[in-house]
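Below: one structure, written as structure tokens.
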Amino acid sequence: MLKSLLSHDLPRSKLLAALLLAVLLGLAFTPFLFPGTKALNVAAKILIFVVLVASYDLLLGYTGIVSFAHTMFFGIGAYGIAIASTRMGEGWAAVGTGLAGALIVSLGLSLVIGLFSLRVKAIFFAMITLAVASAFLTLASQLSDFTGGEDGLNFKVPELLQPGTEFLEEPFLGASIDGRFAAYYLLFFAALALVLLMLRIVNSPFGRVLQAIRENDFRAEAIGYRTVVYRTLSNVLAALFATVAGALLALWLRYNGPDTSLSFEIMLDILLIVVIGGMGTIYGAVLGSVLFVLAQSYLQDLMKLGAVAVEGVPLLSQLIAPERWLLWLGLLFVLAVYHFPSGIVGRLRQARSEKEQGR
């Protein structure tokens, strides 16, 4: 059953399997293990980034397409929920309408971008997507009557997901059973289902063709596959998954603005996570997102503790000052790329393969 659930794409490394199991259990029981607003927000961000990064890996890792427009589809999903909830009021009808509208817009845009741009060389496609994403960001900032402009949109989610909704008067095993609790598990099960669906896609005959195109698109075309069609479908699927991730973000934050879902910094984060986790592996998106978001959220706090411990030491206290956390995050990224050139998942699988061959 586990093999069927994972589409016969098992971790193939005991250490990797243990890490994935730890991540799954950690995220499943976060409200009970780590009570507190910050821990819950970090776990929710991890879940959203797992879906977002895995969807981008469909493009970069499995098809070999470099796109800078992925945050545009992420933003469309978030704006779909935000605009529908603002105009229609709180309720599941607004959520459903917003999500459906966002998916239709993403489907149309990704289809047009795919059909018109994927016929050009990779570098030109990347530049075209960058231009389209920049134009969409500018449009979202300027259409203030519709999108809230730079201020963004605050809105109410269905009552079931509102923090003020209490299902139990007393905490259960240390966790408050309220609307925030329900929203977290909505994100958890949605992310789990989407990751399993993406695993199914990349391990299907369709996914094998995408990998063949990534390895040698001329050879794939020569044996009869219409590569433009497959690349366009990959672009559409990745866009739709990113749109759902954006909708989950909006439901969690109950707010959306240009910097929240359309920022180019998010695109850089996605690229870093794909490289750290390992391109062409859905599991890489999971481990990469966990490591990156944890480092981004807690590295500064750790450096504050370190700065107190070495207070008075001239050079060291300056080096680990909390305001220099971005410097150390960049250094950690360089070290991760140096020691894991094929990503964490790729390195673990390679080590397992070498061990089996040595027997």
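The values are calculated or read from the model by the stated rules, or taken from the named source; none is laboratory data. For clarity, every value in this text was computed on a predicted model and none was experimentally measured. All Cβ positions, even for glycine, are placed from backbone atoms using ideal geometry, and neighbour counts span all protein chains on display. Each accessible area value is taken on the protein alone, full model and side chains, heavy atoms only, with ligands, DNA and RNA left out. Shrake-Rupley method; radii C 1.70, N 1.55, O 1.52, S 1.80 Å.
Summary of computed values
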{"quantity": "Spatial extent of the stretch 233-359: Rg and Dmax, with the Cα atoms as the point set, Å", "calculated": "18.5, 59"}
{"quantity": "Prolate/oblate/rounded call for the stretch 245-287, Cα gyration tensor, a/c under 1.5 rounded", "calculated": "oblate"}
{"quantity": "Separation between Cα centres of the stretch 329-343 and the stretch 264-316, rounded to whole Å", "calculated": "11 Å"}
{"quantity": "The chain - charge dipole about Cα centre, Lys and Arg +1 at Cβ, Asp and Glu -1, debye rounded to 20", "calculated": "1440 debye"}
{"quantity": "Per-residue SASA entry for ILE123, accessible area with 1.4 Å probe, Å² rounded to 10", "calculated": "100 Å²"}
{"quantity": "20 °C / 1.002 mPa s Stokes-Einstein diffusion coefficient of the stretch 164-283, Kirkwood radius on C-alpha pairs, µm²/s", "calculated": "123 µm²/s"}
{"quantity": "The stretch 49-199: relative contact order in percent, alpha carbon pairs under 8 Å with at least 6 residues between", "calculated": "26 percent"}
{"quantity": "Peptide ranges 53-60, 7-14 listed from the most packed, as the mean C-beta count within 10 angstrom indicates", "calculated": "53-60, 7-14"}
{"quantity": "Relative contact order, percent, the chain [alpha-carbon distance under 8 Å, six or more residues apart]", "calculated": "29 percent"}
{"quantity": "Angstrom value of the Kirkwood radius, inverse mean 1/r, which spans all Cα pairs in the chain", "calculated": "21.7 Å"}
{"quantity": "Proportion of all alpha-carbon pairs of the stretch 97-183 beyond 17 Å (%)", "calculated": "69 percent"}
{"quantity": "GNM result for the chain, Cα springs below 10 Å: residue of GLU323, GLU166, GLU221 fluctuating most strongly", "calculated": "GLU323"}
{"quantity": "Protection proxy ranking, peptides 208-215, 300-307, average beta carbon neighbours within 10 Å, highest first", "calculated": "208-215, 300-307"}
{"quantity": "Cross-link table LYS45/LYS355; LYS156/LYS304; LYS45/LYS304, entries beyond 27 Å C-alpha to C-alpha", "calculated": "LYS45/LYS355; LYS156/LYS304"}
{"quantity": "Surface per residue (accessible, 1.4 Å probe) for the stretch 276-359, Å²", "calculated": "60 Å²"}
{"quantity": "Accessible surface of the stretch 11-76 [probe 1.4 Å, protein heavy atoms]: carbon and sulfur percent", "calculated": "78 percent"}
{"quantity": "Overall dimensions of the stretch 119-165 as given by Cα atoms, namely Rg and Dmax in Å", "calculated": "17.5, 52"}
{"quantity": "At R0 = 41 Å, FRET efficiency that the Cβ-Cβ distance of LEU24 and SER144 yields, to 0.05", "calculated": "0.45"}
{"quantity": "Value of Rg/Rh across the stretch 13-100 [Cα atoms, Kirkwood radius]", "calculated": "1.08"}
{"quantity": "Accessible area (Å², per residue) of the stretch 1-118, counting only protein heavy atoms and a probe of 1.4 Å", "calculated": "42 Å²"}
{"quantity": "Largest-first principal axis extents, alpha carbons of the stretch 268-337, Å", "calculated": "47, 17, 15"}
{"quantity": "Kyte-Doolittle mean at least -0.5, axial Cα span of 18 Å or more - DSSP H helices of the chain", "calculated": "14-28, 37-63, 70-88, 92-117, 122-142, 179-202, 227-253, 264-277, 282-309, 325-339"}
{"quantity": "Pairwise FRET efficiency - VAL313 versus SER4, Cβ, R0 = 51 Å, nearest 0.05", "calculated": "0.35"}
